[in-house]
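Note sheet for the following structure.
Derivation of every value follows stated rules applied to the coordinates shown; laboratory data play no part. Only a predicted model underlies this, so the values are computations on that prediction, with no experimental measurement involved. Neighbour counts run over all protein chains shown; Cβ positions are idealised from the backbone, glycine included.
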Amino acid sequence: MSNRVPYQSQSEAEQMRHLAVNHYLAGVKVAEIARRIGRSRQWVHDTLNRYRAEGRSGLTSRSRAPHTVHNRTPLEIETAAVRIRQTILSGEDPILRYASIGAGLIRSELDRMGLIAPSERTINRILKRYGVQQPRRQRNERKLPKDYPWPQAAEPNALHLFDFVTRVPKGDARFYGYHLMDQGRRWPYLEAHPNKNSQLVSQFLVNVWQKIGLPQGIQMDNDIVWRGSSSGARTFSHIVRLCLAVGIEVIFTPTYKPEANPIIESFNGVWAINFWQRTNFTDLAHVQQELPNFQTYYRYRHPLDDFEDRKPVEVAPDFQPTLLAETFDQHHLERIPLTAGRIHFLCLVDAKATFRILNESWTLPIDFTNKEAIRATIDTNEQRLLIYHQASAQDPPKLVHSWDYPVGETVHPLDSVFVRPKAQFWPVPSHSVDC
């Protein structure tokens, strides 16, 4: 008769081993133990050897999986992945303390260390196994109409994106984060200030253009600092005048529509989670001290999802920007002369085809049924307001109407120093007979 017994679960097998040891400690011979529990004498000897070597803990059931798993990630890489995550969370490294905690960043850092990085899915499994996985952040998607006229800008310094964030450090007053990004290569430039006024903003922009170069256009929301007066019609702000003076077109997004500037809003989200929430900032000086570390991390270490995990520094490594001269000082003028150029307002229209720019309401005199968005372009040289519509981002814009737009002051030609190829943020428009 065979001594083999039917399959037993791990807990039952553990109980069997403990029973064998109990019999042995009671003085029962190995052969008798084997007979009583229906196991071979070799199995009893193996159990007793585990007991002698490790005590009762040695009787715990062990995995039957092969000791060598050929596709398993090497321990060196697993350890490095976990160490990177722990380094980020600990804040020990002045740059990585502001890094993203996702698998993409860990994979990038493993590559940087010269290790063969596994897939992001494998990294997530490793982090989960070691108990250092973090919950995924949920994103709320907000959509604009299909005919919203998205600017197109893929080249470095074609379009800069600008936005404010506001925070209040514990025990200190509110401050404003000045966030600017070159859309083409996702290159940020950051400062923090106690308030937002035209003098600080204009100096910030000059700093940007002197360090990362002049763009062809700048996109921002309808904040009064950029736009101008809160009540006076056709008043151009100090910031608009500054941009036009150096050959930069201005693009305003719709009021209270952060989804119209998704790239800078996404960056603001990274800043909020990686920077603001990672450190207990005491005051503005503390923020200003640490901000360069976050900026350096993002420029040189942050993998970009929409650039196949390349870092910003790798997107256009040979790019040579056109820098604003260090001697430039027009931003210090009390009133910058108005320069020939273009100002674009991306607008959502109401059911009556009415929209509002620079404190004036305009109603299109044509059938605008089922159309929700337009681009209103002020040409300061021609002193015209041009209205364009695009059926979709892929369609060429159509010039659907125009008005005279006298600005009430002398318009100066652009200084030859700032003449550059004209920006083309939208496909070449077709013209309507309604113009």
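With a/c under 1.5 counting as rounded, go ahead and sort the range 165-250 into rounded, prolate or oblate using the C-alpha gyration tensor (a ≥ b ≥ c being the square roots of the eigenvalues; past the cut-off, prolate if a/b is larger than b/c, else oblate). Mind showing how you got there, number by number?
Numbers: a/c = 2.08, a/b = 1.15, b/c = 1.82.
Oblate, since a/c reaches 1.5 and b/c is not below a/b.
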#### Entry: Interchain or long-range residues, amide H under 5 Å from GLN152's placed H
TRP426
#### Entry: Pairs of lysine residues in the range 145-435 - Cα separation under 24 Å, sequence separation of 8 or more or cross-chain
16
### Estimated vicinal HN-Hα couplings, Hz - the range 315-326 in sequence order (Karplus 6.51, -1.76, 1.60; Gly, Pro = x)
5, 9, x, 9, 5, 10, x, 8, 8, 6, 4, 5
### Task
Arrange LEU48, LEU75 by Cβ neighbour counts within 10 Å, fewest through most, would you?
LEU75, LEU48
### Query
Which whole-number percentage describes the relative contact order of the chain, with Cα contacts under 8 Å and a sequence gap of 6 or more?
15 percent
### Message
Show me, for the range 106-113, the HN-Hα J-couplings you get by feeding each phi into the Karplus relation (A = 6.51, B = -1.76, C = 1.60, θ = phi - 60°), rounded to Hz, glycine and proline as x.
### Response
5, 4, 4, 5, 5, 4, 5, 7
### Query
Nearest 20 debye, what's the magnitude of the dipole of the chain about its Cα centre given +1 on Lys and Arg Cβ and -1 on Asp and Glu Cβ?
3100 debye
### Task
Multiply the residue separation of GLN210 and LEU333 by 0.36 nm, subtract the distance between their alpha-carbon atoms, and state the gained length in nm to one decimal.
42.5 nm
## Note on the structure
The long-range amide H neighbours of TYR176, using H built 1.01 Å from N in the peptide plane and a cut-off of under 5 Å, are HIS193, ASN195
### Query
Which listed residue (ALA285, TRP362, ILE374) has the Cα farthest towards the positive end of the charge dipole for the range 145-435, taking +1 on Lys and Arg C-beta and -1 on Asp and Glu C-beta about the Cα centre?
ALA285
### Task
Rank by packing, highest mean first: peptides 390-401, 13-24, with packing defined as the count of other Cβ atoms within 10 Å averaged across residues.
13-24, 390-401
### Query
With labels modelled as points extended 7 Å from the Cα through the Cβ direction, what inter-label distance (nm, one decimal) is found for ASP404 paired with VAL417?
3.6 nm
### Task
Compute the distance in nm between two label points, each set 7 Å from the Cα along the Cα-to-Cβ direction, one at ILE224 and one at LEU19.
8.5 nm
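How would you rank 277-286, 343-352, highest first, on the average number of other Cβ atoms within 10 Å across their residues? If you can, show how the numbers build up before the last one.
Numbers: 277-286: 14.7, 343-352: 18.1.
Averaged packing, sorted descending, gives the order 343-352, 277-286.
With both bridge residues required to lie in the chain, what share of the DSSP beta bridges run antiparallel, to the nearest 5%? Could you put the intermediate results ahead of the total?
Working: 37 of 51 bridges.
Antiparallel: roughly 75 percent of the beta bridges in the chain.
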### Summary
Dipole check, the range 145-435, charges on Cβ (K,R +1; D,E -1), about Cα centroid: among TYR388, VAL407, TYR256 the Cα furthest to the positive pole belongs to TYR256
#### Entry: Charged-residue dipole, Cβ positions (Lys, Arg, Asp, Glu), the range 75-129 about Cα centre, Debye nearest 20
240 debye
### Query
With point charges of +1 on the Cβ of Lys and Arg and -1 on the Cβ of Asp and Glu, referenced to the Cα centre of the chain, which listed residue (ALA192, ILE37, GLY102) lies farthest in the positive direction of the dipole?
ILE37
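Sorted from fewest to most neighbouring beta carbons within 10 Å, what does the list TRP271, TRP403 look like?
By the 10 Å Cβ count, ascending, the order reads TRP403, TRP271.
Calculate, for ILE366 and THR79, the FRET efficiency according to 1/(1 + (r/R0)^6) with r their C-beta to C-beta distance and R0 56 Å; round to the nearest 0.05. Walk me through the numbers on the way to the answer.
Values: r = 67 Å, r/R0 = 1.20.
So the FRET efficiency works out to roughly 0.25.
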### Task
List, in order, the whole-Hz ³J(HN,Hα) value for each residue of the range 197-208 obtained from phi through the Karplus relation with A = 6.51, B = -1.76, C = 1.60 and θ = phi - 60°; use x for Gly and Pro.
9, 5, 5, 5, 5, 5, 5, 4, 5, 4, 4, 4
### Query
In terms of modelled amide H atoms, which long-range or inter-chain residues lie less than 5 Å from the amide H of ALA316?
none
### Task
Whole Å is fine, so just give me how far the alpha carbon centre of the range 20-59 lies from that of the range 320-387.
88 Å
### Entry for Rg and Dmax of the Cα atoms in Å (calculated from the structure that is shown) out of (i) 29.8, 106; (ii) 21.1, 66; (iii) 32.8, 112
(iii)
